[in-house]
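Everything on this sheet refers to the single structure shown next.
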Amino acid sequence: MTRGVASAPARRMPGAQRERPPRREHKLNRRQFVCVALLALLLVGVVLVHVWLRLQVVKTGYVLATATKLQTRLEQENRELQIELATLTSPDRLESLARRRLGLAPPEKGQVIVLP
């Protein structure tokens, strides 16, 4: 055994070059990586837009539900007010109030003057 002598296959031969992978494959791999990265970004973008749209649908649903409740309440209030108006302006009620509170009575003959 000799220590300083290297075996023949481990020696470097002058003029011999190491094998290198072709540059084209390296560029192709980089191109594939860029395509995959762009597709991943596109997918993330589509997912984010989908989530945003779903949130908008939910938000719009809440607004619609609130508006529907308000419309129902206002319609009920409108019906109640129409009944109250009809009650307050009924001729029988007005006549009764005029007799009791103001002491009015139907006009007698001669009290009504018709103008031409």
Does the range 39-116 classify as rounded, prolate or oblate by the C-alpha gyration tensor (a ≥ b ≥ c root eigenvalues; a/c under 1.5 gives rounded; else a/b over b/c gives prolate, otherwise oblate)? prolate
In whole Å, what is the distance between the alpha-carbon centres of the range 30-71 and the range 84-106? 64
May I ask you to list the GluC sites (Glu not before Pro) in the range 53-113 that are in a DSSP loop and have at most 15 other Cβ atoms within 10 Å of their Cβ? GLU108
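Laboratory data are not the source of any read-out in this text; all were calculated from the coordinates shown. Small disclaimer: the values here were computed from a predicted structure and weren't measured. Cβ atoms come from the backbone with ideal geometry, glycine included; neighbour counts cover every protein chain shown.
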